[in-house]
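The values are calculated or read from the model by the stated rules, or taken from the named source; none is laboratory data. No experiment lies behind these values; they were computed from the predicted model shown. Cβ coordinates were reconstructed from backbone atoms using ideal geometry, including for glycine residues, and neighbour counts include every protein chain displayed.
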Ligand code: UDP
């Protein structure tokens, strides 16, 4: 398939099952030195993009770009370059969890959300998905993005548990620019920039 250019972003015309299948492939394969990552642009992001070169670069280099917002899908249709459907991060993550059927559990790291929230999400995830194991959670302090020691701390915490999947809930554009900057050092197979998904999972 070809990426669809819209608002200066190139979006993958994938339906949910196709996106899940692609990510499952990467999650089952050997770890590569660079983490693959998923971004899910909505209209807010297209506005942020105009004034942020780092966000543009993060979108440009993403392995999967999915349309999170209905307006993005509507616009694609009006412009005659139709995206097949909306695929939000908060739907994609549970779909991946539900589809985890390997012999070994899907090792998942929850990065972000307010302190305590990811632990509550982990309890719910374990209750609902028997083949997913939340191996660690971490809520970085305010201003972490400009603090080298703190960024190294985050990378070490990830390296310690070598998750398959890293869910990043640090808000846009921080989550996208963070994974773009550190993807060569992140010891996860796949990272998903997931906005408030950890909050949703916490219930
Ligand atoms: N968040 C965080 N650290 C930050 C900023 C945000 O952990 O420095 C978390 C916030 O607690 C929430 C998530 O990022 O769980 C998503 O925030 P928001 O809804 O603002 O992001 P968006 O949906 O716009 O990407």
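Looking only at residues of region 43-56 that are within 12 Å of the ligand (Cβ to nearest atom) and surrounded by fewer than 19 Cβ atoms within 10 Å (Cβ to Cβ), we find that the one that is farthest from residue 76 (Cα to Cα) is 48.
This table checks each residue for (1) within 9 Å of the ligand (Cβ to nearest atom); (2) within 16 Å of the chain's Cα centre (by Cα); (3) in a helix (DSSP H, G or I).
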position: 119; (1), (2), (3): no, no, yes
position: 125; (1), (2), (3): no, no, yes
position: 135; (1), (2), (3): no, no, no
position: 168; (1), (2), (3): yes, yes, no
position: 171; (1), (2), (3): yes, yes, no
position: 177; (1), (2), (3): no, yes, yes
position: 180; (1), (2), (3): no, yes, yes
position: 184; (1), (2), (3): no, yes, no
position: 199; (1), (2), (3): yes, yes, yes
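Scanning region 76-88 for residues that are within 13 Å of residue 17 (Cα to Cα) and touching a residue at least 40 places away in the same chain (Cβ under 8 Å) gives 84, 85, 87, 88.
Of all residue pairs spaced 6 or more apart or on separate chains, those with beta-carbon atoms under 6 Å, a first member in region 114-129 that is closer than 12 Å to residue 97 by Cβ and a second member that is assigned to a helix (DSSP H, G or I) and within 15 Å of the ligand (Cβ to nearest atom) are 121/198; 121/201; 121/202; 124/201.
Scan region 50-61 residue by residue and report those that are part of a loop (DSSP other than H, G, I, E, B) and without any contact (Cβ under 8 Å) to a residue 40 or more places away in the chain. Result: 51, single match. Pairing each residue of region 134-160 that is free of Cβ contacts under 8 Å to residues at least 40 places away in the same chain with any residue that is assigned to a helix (DSSP H, G or I) and near the ligand (Cβ under 8 Å from one of its atoms), provided the two are 6+ apart or on different chains, yields C-beta distances under 7 Å for 145/174; 150/144; 151/144. All told, residue 153 meets the bar of being more than 9 Å from the ligand (Cβ to nearest atom), surrounded by 14 or more Cβ atoms within 10 Å (Cβ to Cβ) and more than 16 Å from the chain's Cα centre (by Cα).
Report the residue count in region 186-197 for those that are away from the ligand (no atom under 16 Å from the Cβ) and either in a loop (DSSP other than H, G, I, E, B) or on the phi > 0 side of the Ramachandran plot (or both).
4
Of the listed requirements (1) part of a loop (DSSP other than H, G, I, E, B); (2) more than 20 Å from residue 96 (Cα to Cα); (3) modelled with pLDDT of 95 or more, residue 13 misses just one: (2).
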